[in-house]
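The values are calculated or read from the model by the stated rules, or taken from the named source; none is laboratory data. The structure displayed is predicted, hence computed values, not measured ones. Here the Cβ is made from the backbone with ideal geometry for all residues, glycine too, and neighbour counts use every protein chain on show. Protein only, heavy atoms only, side chains kept; ligands, DNA and RNA dropped before computing areas. Shrake-Rupley method; radii C 1.70, N 1.55, O 1.52, S 1.80 Å.
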Amino acid sequence: MATVVGVLVTLILAWLSYQAGEAGFEGLSNALFWQNSLLQSAVPPLDLGTADRPVYDGMLLMILAFVLNFVIGFIVYGVSAFVIVSRMAERAGHLRSRR
């Protein structure tokens, strides 16, 4: 269940981020898909254009960073969902406390 939640949350946030970017809300877009902003900002782009019109190459590293964004999202949101569901089950008395 946590894996499904992790995948769904990541995909929904990626879609919302895309929609926010298309609407001109770049800051909101970066916040919604934070792992993309983090990883792709770490990859230095190759400028093939001029100073007036920069054109950045979509290098293989950028594509790899984009794919890793989803993996990171699946893991972070899946683990978060697992922790939340486990705590809720403990409180409801379905699981014994690990302490």
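Taking L60, is it surrounded by 11 or more Cβ atoms within 10 Å (Cβ to Cβ), out of contact with any Leu (no Cβ under 9 Å at 6 or more places or on another chain) and farther than 30 Å from M1 by Cβ?
No, not satisfied.
Which pairs have Cβ atoms under 8 Å, sit 6 or more apart or on different chains, and link a residue in segment 68-91 that is touching a residue at least 24 places away in the same chain (Cβ under 8 Å) to one that is polar (S, T, N, Q) and open to solvent by 60 Å² or more (accessible area, probe 1.4 Å)?
F74/T3; G78/T3
Among the numbered criteria (1) under 17 Å from the mean Cα position of the chain (by Cα); (2) closer than 28 Å to V85 by Cβ; (3) at pLDDT below 90, which single criterion is violated by V43?
Answer for V43: the failing condition is (2).
Residues in segment 53-68: is at least one at pLDDT 90 or above and of a type outside the set (F, W, Y)?
The answer is yes; a qualifying residue exists.
For residues that are loosely packed, with under 13 Cβ neighbours inside 10 Å and of a type in the set (A, V, I, L, M), scanning just segment 13-47, find the one that is nearest to G78 (Cα to Cα).
A42
With respect to F70, is the statement that it is farther than 22 Å from M1 by Cβ and either open to solvent by 70 Å² or more (accessible area, probe 1.4 Å) or under 17 Å from the mean Cα position of the chain (by Cα) (or both) true?
Spelling it out, it is not the case that F70 is farther than 22 Å from M1 by Cβ and either open to solvent by 70 Å² or more (accessible area, probe 1.4 Å) or under 17 Å from the mean Cα position of the chain (by Cα) (or both).
Considering segment 73-92 alone, what residues qualify as being buried (at least 17 other Cβ atoms within 10 Å of the Cβ) and of a type outside the set (A, V, I, L, M, F, W, C)?
G73, Y77, G78
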